[in-house]
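See below for the structure under consideration.
The values are calculated or read from the model by the stated rules, or taken from the named source; none is laboratory data. Note that the structure is predicted; figures quoted are calculated from it, not measured. Cβ placement follows ideal geometry from the backbone for every residue including glycine, while neighbour counts extend to all protein chains displayed. Accessible surface areas use protein heavy atoms only, side chains included; no ligands, DNA or RNA. Shrake-Rupley method; radii C 1.70, N 1.55, O 1.52, S 1.80 Å.
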Amino acid sequence: MTALQAGQRVPLADLNLDPAALDVQVHCTLPGTDVTAFGLQDGRLADDRYMVFYNQPASPGGEVRLTGQGERTAFTLNLNALPASVTEVVLAATHDTQPVAQAGTLTVTVGGAAGGGSFDVKPHLRAEKAVMLVRFYRHGGAWRLATVAQGFDGGLDALVRHFGGEVAADSPALASDPTPPAPAAPVNLRKERQRVLLDKAQATQPHLVNLIKTANVSLEKRGLGEALYRVNLVLDISGSMSREYRSGAVQDLAERALALAARLDDDGLVDVYLFGVKAHRAGSLSLDNARGFVDRLNVKLEGGTHYSPVMQLVREDARAAGNTLPTLVLFITDGGSSNRDAVIRQMTDSSREPIFWKFMGIDQGGVNFDFLEKLDDLRGRAVDNADFFSVPAPITTPDPQLFELLVNELDSWQRSAQAAGILR
Amino acid sequence: MALSLQKGGNISLSKQDANLQRILVGLGWDPRSTDGQAFDLDASAFLLTAAGRVRGDHDFIFYNQLRSAEGSVEHTGDNRTGVGDGDDESIRVDLTRIPADIEKIAVAVTIDQADARRQNFGQVGGAFIRILNEDNSQELTRYDLGEDFSTETAVIFGEIYRYGGEWKFRAVGQGFAGGLGPMARNYGVNV
């Protein structure tokens with residue numbers, strides 16, 4: 001196995017590779033990364049049918065086939081069988097919200113019966129959300145491999161523009177293309193991703209499938225079936241929460257947040273935050289790591305409840321993500337906050353940002369949620385950007401009712417935020 | 001019709017144009033189309049004796065020394081991004097004024113800050129060198145380097161050299177490890 005550097009151009013024969021039987025594997029550890037093989041004509045996406053990804057797992061003649069998904073996306077290529085109009089095949093990794101370089105590992109392995117090469121892409125990346133990894137191209141009657149490791153901060157859209165195409169628009173085949181034109185069905189990536197997330201849940205976390213469907217009903221009822229949000233889960237780690245962590249109630253809530261994200265977020269990711277006295281980022285929850293997620297957090301409970309620092313963190317991250325999508329914050333707590341003036345400032349200031357705060361109080365008995373009630377009705381905000389509800393502990397609320405509570409007012413906020421120009 | 005050369009090929013410039021006196025060496029490449037730091041390519045020329053060495057540092061023409069001592073070779077300046085049609089950088093050579101002890105002018109292109117920016121010629125598209133008759137802007141020959149290099153950060157694109165009583169051009173396309181500094185030292189420049 002030869003280690004390949006960026007910028008190399010190598011005849012496949014030099015790597016002892018047979019262009020008619022190539023196995024390509026992309027190992028990427030960032031959840032939510034999509035790997036696509038683009039069959040191009042002179043650098044342009046001339047025929048959508050040669051774009052092979054989860055929604056179209058094979059090219060018309062099976063020349064390019066998707067044979068594995070997940071952390072290791074695999075393709076089988078028979079380059080010799082491709083029509084002459086396909087002059088190159090580019091493999092690309094894209095992520096909707098995060099730079100692909102955030103993957104701990106991003107490597108491409110090209111192998112065959114003998115020989116092969118591997119290419120470590122990660123060191124070459126900066127802030128690209130769409131990265132061309134390698135390309136196979138015709139040169140002088142033979143196929144060559146080029147290692148690219150370049151891309152676009154703007155993600156898939158920018159990449160498709162680079163290939164001269166448009167997302168969800170017809171890409172008619174060129175007149176010179178000997179193969180018949182592709183059916184003019186635009187690729188609705190959004191719906192497809194939802195479907196893929198559901199399929200994935202079916203395969204790996206079947207108990208989540210009903211939750212996702214239940215979440216969907218609550219969203220559809222509010223006209224939010226097409227809505228796109230970043231979903232954040234903010235968890236109280238004050239000492240009094242101990243029983244909720246031990247009983248698995250927090251894990252259950254996390255799975256419900258994930259079910260919402262499977263509908264609202266293209267990647268089905270939930271960014272998780274913890275707060276007690278301090279605020280902490282706790283990584284991303286996804287279908288890939290949902291099982292036992294809260295246990296693995298190894299939460300160390302803290303002796304206090306301060307909303308403001310974690311609200312600041314959430315706002316900073318939303319801003320860093322460009323505030324292009326609204327953020328739904330599911331804020332789980334079992335008590336009121338210290339430093340209430342700071343919290344009120346956070347609420348008031350963030351009312352001009354595309355963030356909706358959903359406070360869920362876990363009522364351990366004897367706790368006063370007056371402050372959260374007050375936040376819900378706080379004056380001086382650009383729009384009403386928060387809702388509060390409480391449920392008694394232990395949580396026995398049936399899921400359909402819980403999802404209703406979790407998305408209540410999200411639709412009215414979305415309308416007012418749009419009217420106020422806070423949300424496009 | 002200008003003759004397009006392959007790597008290693010050569011052509012007699014004098015035979016292409018019997019009245020040839022001054023030439024323009026044009027170098028070009030495609031600007032970066034992806035996000036990230038631009039490709040800043042720098043052209044240099046080395047005036048070399050029969051021994052393949054410079055006579056002194058004044059025979060090394062680059063962005064910090066744009067003219068040779070007697071003025072026969074002149075670099076027209078640095079283009080930082082490759083944006084713009086046609087030649088991105090060019091070097092004027094007055095063949096009639098090349099000192100008699102200079103046998104050969106090597107034209108090289110290096111990538112500025114290649115290591116820091118993790119760039120190499122394999123990532124640069126559309127690189128070419130061409131020779132024009134400066135007096136009538138006729139293209140005499142060109143060499144498209146396309147596939148001829150990959151991970152190099154310094155490449156000798158071509159050489160203009162004396163052969164009998166003529167001037168010839170050779171499409172070299174030879175990579176050089178280490179960049180401009182080691183290349184200059186190899187030709188005997190004190191850097």
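Quick notes on this one:
- Test: residue in segment A:270-289 that is closer than 16 Å to A:Leu228 by Cβ and of a type in the set (D, E, K, R): yes
- Evaluated against (1) open to solvent by less than 20 Å² (accessible area, probe 1.4 Å); (2) hydroxyl-bearing (Ser, Thr, Tyr); (3) more than 23 Å from A:Ala215 (Cβ to Cβ), A:Ser338 falls short on exactly one condition, (1).
- Between B:Phe128, B:Phe121, B:Phe149, the distinction of being under 29 Å from B:Glu103 (Cα atoms) and touching a residue at least 60 places away in the same chain (Cβ under 8 Å) belongs to B:Phe128 only.
- Restricting segment A:32-48 to residues that are outside any strand (DSSP E or B) and buried (at least 20 other Cβ atoms within 10 Å of the Cβ), the residue that is nearest to the chain's Cα centre (by Cα): A:Gly32
- Residues located in segment A:288-304, provided they are part of a loop (DSSP other than H, G, I, E, B) and under 19 Å from A:Ala249 (Cα atoms): A:Asn289, A:Ala290, A:Arg291, A:Gly292, A:Leu297, A:Asn298, A:Val299, A:Lys300, A:Leu301
- Test for A:Asn55: is it open to solvent by 40 Å² or more (accessible area, probe 1.4 Å), modelled with pLDDT under 90 and out of contact with any Ser or Thr (no Cβ under 6 Å at 6 or more places or on another chain): yes
- Hits in segment B:1-18 (condition: open to solvent by 60 Å² or more (accessible area, probe 1.4 Å) and farther than 18 Å from B:Tyr163 by Cβ): B:Met1, B:Ser4, B:Gln6, B:Lys7
- 2 or more residues touching a strand residue (DSSP E or B) at 6+ places or on another chain (Cβ under 9 Å) and of a type in the set (A, V, I, L, M): qualifying strands (runs of 3 or more DSSP E) within segment B:1-79: B:3-5, B:22-28, B:41-48
- Among residues of segment A:370-392, those that are open to solvent by 20 Å² or more (accessible area, probe 1.4 Å) and farther than 16 Å from A:Leu406 by Cα, counted: 8
- Of the residues making up segment A:403-423, those that are charged (D, E, K, R) and either open to solvent by less than 30 Å² (accessible area, probe 1.4 Å) or in contact (Cβ under 8 Å) with a residue 12 or more places away in the chain (or both) are A:Glu404, A:Glu409, A:Asp411.
- Only one of the numbered conditions (1) of a type outside the set (S, T, N, Q); (2) more than 26 Å from B:Arg53 (Cβ to Cβ); (3) open to solvent by 10 Å² or more (accessible area, probe 1.4 Å); (4) more than 12 Å from every other protein chain (Cβ to nearest Cβ) is violated by B:Gly125, and that is (4).
- The sole residue among A:Val329, A:Val314, A:Val343 that is in contact with a Phe, Trp or Tyr (Cβ under 8 Å, 6 or more places away or on another chain), crowded, with 16+ Cβ neighbours inside 10 Å, not polar (S, T, N, Q) and not in a helix (DSSP H, G or I) is A:Val329.
- The residues on offer are B:Arg67, B:Arg97, B:Arg32, and the sole one that is buried (at least 19 other Cβ atoms within 10 Å of the Cβ) and of a type in the set (Lys, Arg) is B:Arg32.
- Matching residues, segment B:147-191, being in a strand (DSSP E or B), open to solvent by 30 Å² or more (accessible area, probe 1.4 Å) and among the hydroxyl-bearing types (Ser, Thr, Tyr): B:Tyr163
- Residue within segment A:81-92 that is more than 14 Å from chain B (Cβ to nearest Cβ) and within 28 Å of the chain's Cα centre (by Cα) present: yes
- Selected residue (criterion: modelled with the highest pLDDT) from residues of segment A:149-177 that are within 11 Å of chain B (Cβ to nearest Cβ) and open to solvent by 20 Å² or more (accessible area, probe 1.4 Å): A:Asp153
- Residues of segment B:9-40 classified as under 18 Å from B:Ile156 (Cβ atoms), more than 14 Å from chain A (Cβ to nearest Cβ) and among the hydrophobic types (A, V, I, L, M, F, W, C), total: 5
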